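Below is one structure, written out as structure tokens, with a few remarks after it.
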Amino acid sequence: MFLLLSIVFTGMSLCVFLWWALQPAIRRDDAATKQRRPLFLRLAWPWVQALRPVCEPFVPWRTRGRLAQGLRLAALDALLTPSELVALQTLVFLLIAGLLCAVFYLLWFPQWFTVLPWACLGALLCAMLPRVAVRSRAGQRQQNMLRELPFLLDMTTLCVEAGLNLHGALQRAAEHGPDGPLRQELHYTLAEIRAGAPRMEALDNLAARTGLIAMASLVSALKQADQTGSSLGPILRAQADQRRSEQFLRAEELAMKAPVKMLFPLVTCIFPCTFLVIGFPVVLKLVEGAW
């Protein structure tokens, strides 16, 4: 009798727990925004939204501003807020901690007080992966924008010297420039100008969204030319030459770093194999001579 009651109550408790755990997945989401998210984020999004109100009070304003800046540089600010990113990290932490606890307990059967610290440490490292992915995406976008900037400046310079104003030159560069993140940001800036924002304010927003020193220098030069009434052609050409020189210097820097980066795989992978191939016949001859 008691066994039957325990089985019934266990089943009822499991059903209530599953109903509570799967409740966030029943909620509806915006279809247009949902299609832009990656597959993992679409699957985890209901639980991210469920954890967001819990995590939001514990995110400091300074950390929130830093995360917002990182999401803006990675062009993910339309998909994630800082609180949702922290909630995603919390969800990853809980999932990995539970999985590691189960794996450690099933493999070695230790005590819980020895399993829990290692599981929490591994889950904490895995919880940093979303933030590392955002930072990596932001860095990759900035590198792509730096690579595209000289060509777009050349196109803008040609259009200005052909008689177009700055807005028309930027529009032609956005229409016919190479596809990439800088072109997308330029389209967004032109949309801001068409919506009624002042041109220099829109360019300031462009420099803030890209987070590039080169773009801030360009906007500063354009502001100075607009205030003094100088010709834009020489300024844009000088900016294009400077950006191309910086790109050449970055390529030289990466070429100088390549031998240092190759040192570790050479020492750990290639040199031992080489010594093994060379030394094995010598050792074999010595052993045969000894016998």
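No value in this document is a laboratory result; all are computed from the given coordinates. Here the structure is a predicted model, which means the values were calculated and not measured. As a convention, Cβ positions derive from the backbone with ideal geometry for all residues, glycine included, and neighbour counts pool all protein chains shown.
When region 151-193 is examined, which residues are found to be of a type outside the set (A, V, I, L, M) and outside any helix (DSSP H, G or I)?
Hits for region 151-193 are Gly163, Asn165, Gly177, Pro178, Asp179, Gly180.
Filter region 194-226 down to residues that are outside any helix (DSSP H, G or I) and among the hydrophobic types (A, V, I, L, M, F, W, C), then give me how many there are.
Of the residues in that region, 3 qualify.
When region 123-149 is examined, which residues are found to be aliphatic (A, V, I, L, M) and more than 21 Å from Leu41 (Cβ to Cβ)?
Hits for region 123-149 are Met145, Leu146, Leu149.
Can you name every residue in region 122-152 that is among the polar types (S, T, N, Q) and either crowded, with 17+ Cβ neighbours inside 10 Å or more than 9 Å from the chain's Cα centre (by Cα) (or both)?
Correct list: Gln142, Gln143, Asn144.
So which residues in region 124-139 are under 14 Å from Gly70 (Cβ atoms) and small (Gly, Ala, Ser)?
Selection gives Ala133, Ser136, Ala138, Gly139.
Out of all the residues in region 170-226, which are among the basic types (Lys, Arg) and free of Cβ contacts under 8 Å to residues at least 12 places away in the same chain?
Selection gives Arg194 alone.
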